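The values are calculated or read from the model by the stated rules, or taken from the named source; none is laboratory data. Fair warning: this is a prediction, and the values are worked out from it, not measured in the lab. Glycine gets a Cβ as well: all are built from the backbone with ideal geometry, and neighbour counts include every protein chain shown. Please note that ligands, DNA and RNA were not included when accessible areas were found on the heavy atoms of the full protein model with its side chains. Shrake-Rupley method; radii C 1.70, N 1.55, O 1.52, S 1.80 Å.
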Number of protein chains: 2
Amino acid sequence: MNENAEASKLEDMRKSIVVSSRVRLARNLEDYNFPNKLEANEAKDIISKVKESLDGYDINFNAVIMAEADMLYKEYLLENHLISKEMSEEAKGAVFINEQNTLSIMVNEEDHLRIQALLPGLHMDNAYEMCDKLDDLLEKNLRYAFRENLGYLTSCPTNLGTGMRASVMVHLPALVEMGFITPILENATQIGLAVRGLYGEGTQFIGSLFQVSNQLTLGFKEEEIVNSIMGITRQIIEKEIEAERILVSKLGIVLQDRISRCLGILATSRVMKINESMNYLSKIKLGIRLGWITGISDEEINRIMIKVQPGNQIIDYKAKSQEQIDTGRANLLRTIFKDVDFVG
Amino acid sequence: MNENAEASKLEDMRKSIVVSSRVRLARNLEDYNFPNKLEANEAKDIISKVKESLDGYDINFNAVIMAEADMLYKEYLLENHLISKEMSEEAKGAVFINEQNTLSIMVNEEDHLRIQALLPGLHMDNAYEMCDKLDDLLEKNLRYAFRENLGYLTSCPTNLGTGMRASVMVHLPALVEMGFITPILENATQIGLAVRGLYGEGTQFIGSLFQVSNQLTLGFKEEEIVNSIMGITRQIIEKEIEAERILVSKLGIVLQDRISRCLGILATSRVMKINESMNYLSKIKLGIRLGWITGISDEEINRIMIKVQPGNQIIDYKAKSQEQIDTGRANLLRTIFKDVDFVG
């Protein structure tokens, strides 16, 4: 392989390790109590004001009123990272979502407004720009609570200042496999960041997916937060690539065997639990990154990881019981992986 | 399904449960010591005499002299049930084998002659006929040690009388799965038969394969032994069929899932150990029996169960190390199961 091809391959590996980038801004309105002390009619007022503010925008937003949405649809929104667990349980809230599901505003969650941009890949700067643009638009119509010395006021003091939380979702199977993940999780806190397993608890990192996010919002410019997360993420990416190299040379055909068998199971199973499917998909994602799998792209795997979630099964495939969810998931995966090949 | 189709389906299930039938006759020559006290030149004499006796026969036999055969080839013969473990370690011995590997004579194992017929399916009567015919032929040239009151004399008193050991290999996955196998193993001894796991020890019944054989050789006619084994085998077959019915109705799609996944793993693995492959093949055999798998026959699975054995890998695929055996096995299975489908 020549130098250019090698560099391009490395770039693809880096891209594959970063599943998505997310930025959210917490904003509150000057003339209202924070949502936890908000009257029902005031909550409605705020929702209306946000809606009006969006009307003149060049992007269409769908409004979902929490009090009117059913549990299953809320589960779906939750799995697609469009609302929080708290929002799904909050009758006062609403969420506005653009058509691509990349830009959204949660209204009356912990803060009056939570503006969020969620993009595939390492595009935190773009995500920040999207949030910033929408924030500017809303600010024309809404009177934000802002103090010169404290920045944007927020319901919880940990969000004061920029009101910004930025995060990157990364796929780190080799670091998990080799037991190198714990120091990474621990060291991040020393520089004001957090790295957490996205699914599962304790030492069970389902799907080997992690979230890198900032812990501090006050005393930094937005750009500094973005740069700091992108910097640490790039370091973690290089560590994962190195760990994958070691894993390949250490396990050789045994690693090929493990990944290839996942393909076999995904192409043949008739019932599959969510955690099991996430772990197999994680292996396939690694296989694609290593150039061992053809017939499916890394981006498709990222999308499938959302599609296999229970709520998605319920909404997209009308599953009505746990068994139907698990068989629906298996059917979906079988269809997708039927023609995917392991080339070793 | 009408009555005829139902009956024909049941008959196919019964056939699939019986992998093979085997009969062997122990014979000794009047003028020689038993093999354990045999001089090298006497052993050679006996081999020559058997060879001469076979020359006039209408079947061609290949002779393999143990002292000249290499370890790997002996391993191969062992796995194909053509020689015993003891024979493979015995320099004085030889084996004569017909072209189909169905009829053989071990010379100078525990007894001077061990005539064996091994046929696929429940064909113990045919196997007995083949042995009997060959026995008659040999008796024309060889002076067998026979006493009116004891029958054929044998090196070990447990073989006295008919000198006959008959056995059936049966596949009992549902009885194993449901924990119904232990009483069957125990009850057989009460009627002078033995049912034993073919591979593995203790409660690990690899591949769910069992051997039903007679324990008593004296005081019964050959036909009685054959009938007794065929009788108990038929009972075990019906028990297995009943257990499979229960398993299907109890596990439903979960059983389909297990079997379908085995297919996926067999079609994709890159390294596979022998016991693992036997257990997967056993599940596939059950799947074929239940009508859930197309593109491969039950007989082929029986043949593959022999082909995956280490010695076969060495002989047929020239494997030179444990890793090559395990990758060669995986490659063979991948090729075979690539186009096999689960139809549920």
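Of note:
- Residue count, segment A:288-344 (criterion: among the aromatic types (F, W, Y) and open to solvent by less than 20 Å² (accessible area, probe 1.4 Å)): 1
- Which numbered condition A:M305 misses (of (1) closer than 23 Å to A:V19 by Cβ; (2) within 14 Å of chain B (Cβ to nearest Cβ); (3) in contact with a Gly (Cβ under 7 Å, 6 or more places away or on another chain)): (2)
- Residue list for segment A:288-344, restricted to those being within 23 Å of the chain's Cα centre (by Cα) and at pLDDT below 90: A:I306, A:K307, A:Q309, A:P310, A:G311, A:N312, A:Q313, A:I314, A:I315, A:D316, A:Y317
- Cβ separations smaller than 8 Å between residues 6+ apart or across chains give the following pairs from segment A:56-73 residues that are outside the structural domain of A:N312 (by TED's automatic domain parsing) to residues that are open to solvent by 50 Å² or more (accessible area, probe 1.4 Å) and among the hydrophobic types (A, V, I, L, M, F, W, C): A:M66/A:A91; A:A67/A:A91; A:L72/A:I315; A:Y73/A:I315.
- Enumeration of residues in segment B:85-128 that are within 15 Å of B:Y57 (Cβ to Cβ) and not aliphatic (A, V, I, L, M): B:F96, B:N98, B:E99, B:Q100, B:T102, B:S104
- Scanning segment B:160-217 for residues that are assigned to a strand (DSSP E or B), among the polar types (S, T, N, Q) and either open to solvent by 40 Å² or more (accessible area, probe 1.4 Å) or under 19 Å from B:S16 (Cα atoms) (or both) gives B:S167, B:Q211, B:S213.
- Qualifying residue in segment B:246-269 (condition: buried (at least 18 other Cβ atoms within 10 Å of the Cβ), farther than 30 Å from A:I293 by Cα and out of contact with any strand residue (DSSP E or B) (no Cβ under 9 Å at 6 or more places or on another chain)): yes
- Pair list, Cβ under 8 Å, 6 or more apart: segment A:145-160 residue over 15 Å from A:F220 (Cα atoms), other residue aliphatic (A, V, I, L, M) and not in a loop (DSSP other than H, G, I, E, B): A:A145/A:L29; A:T154/A:A26; A:S155/A:A26
- Test result for A:G231, open to solvent by 10 Å² or more (accessible area, probe 1.4 Å) and more than 30 Å from A:L77 (Cβ to Cβ): yes
- Scanning segment B:270-283 for residues that are open to solvent by less than 50 Å² (accessible area, probe 1.4 Å) and away from chain A (no Cβ under 11 Å) yields B:I274, B:S277, B:M278, B:L281, B:S282.
- In segment B:84-125, of all residues being under 17 Å from B:N302 (Cβ atoms) and without any contact (Cβ under 8 Å) to a residue 40 or more places away in the chain, the one that is most open to solvent (accessible area, probe 1.4 Å) corresponds to B:Q100.
- Selection count where residues are under 24 Å from A:T102 (Cα atoms) and either free of Cβ contacts under 8 Å to residues at least 60 places away in the same chain or assigned to a strand (DSSP E or B) (or both), scope segment A:30-53: 2
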